[in-house]
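Input: a single structure, listed below in structure tokens.
Throughout, read-outs are computed from the coordinates displayed, never taken from laboratory work. Here the structure is a predicted model, which means the values were calculated and not measured. Methodologically, a virtual Cβ is constructed for each residue, glycine included, from the backbone with ideal geometry; neighbour enumeration extends over all protein chains shown.
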Amino acid sequence: MSSKKNKQQHKTIMKRYLEILAFIVFLTPTNLLYAQVADDSLCEGSIYVKTDEYEGVIFCANCPENLKDDKAYRWSPTEEDIALAEKLIKKYIVRSVEKKHRMLNQISTPIVHQNFDKYYRQYLGYIDKRGRKILYVNCFWKDKENQFPGWKRKYVKVLDGGSYYWQINVNLKKKKCFDYSVNGYGG
């Protein structure tokens, strides 16, 4: 009888342990689950770019490591592509603010167009369903870098966080920006 009782207690303890473990995993930020590389190295073939106005990593067609997509629909941007894109992005966002008199999700977080140089960028080239070469630019606040070890090798995805995180697409051939989005606030 005692053996049966011990087995039942053991089952109850194990069940509770698994519930606690699942809860901890649920609370762990997504970026910590994926950021297994904590060094400062680049993904092979990628380029680190730094100017007075912007800084980031240009992912080659085979990077970032943690992005599971069809690499056949990717292309490797050049530093010249990035220089052009940065001019277009700045112009687009400033015009958007002036024209619409609003700033997406920037009430209690940084004002994007006044802080361009305070964001790290991740540049990723892809070919859309229409066959157009698009540059996707993922931006995050430099002071948040320690939350993303390995960001030069792995794509940073954050839900919420306001304007500490924003993204935009650029069609370099047409010299047009689109799908500018600033993260929302959690709550």
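Quick look at the numbers
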quantity: Separation of the Lys99 and Tyr185 label points, Cα + 7 Å toward Cβ, nm; calculated: 2.7 nm
quantity: Segment 133-187: C-alpha gyration tensor shape, a/c 1.5 cut-off, then a/b vs b/c; calculated: oblate
quantity: Net length gained if the chain between Asp143 and Asp52 were fully extended (0.36 nm per residue, minus Cα distance); calculated: 31.1 nm
quantity: Rg(Cα)/(2.2 N^0.38 Å) for segment 76-187, N = residue count; calculated: 1.05
quantity: Full-stretch length increase - Lys133, Gln114 - with 0.36 nm per residue and alpha-carbon distance subtracted; calculated: 4.0 nm
quantity: Of Lys129/Lys175; Lys90/Lys175; Lys142/Lys174; Lys91/Lys175; Lys99/Lys144; Lys87/Lys133, those spanning more than 23 Å from alpha-carbon to alpha-carbon; calculated: Lys142/Lys174; Lys99/Lys144
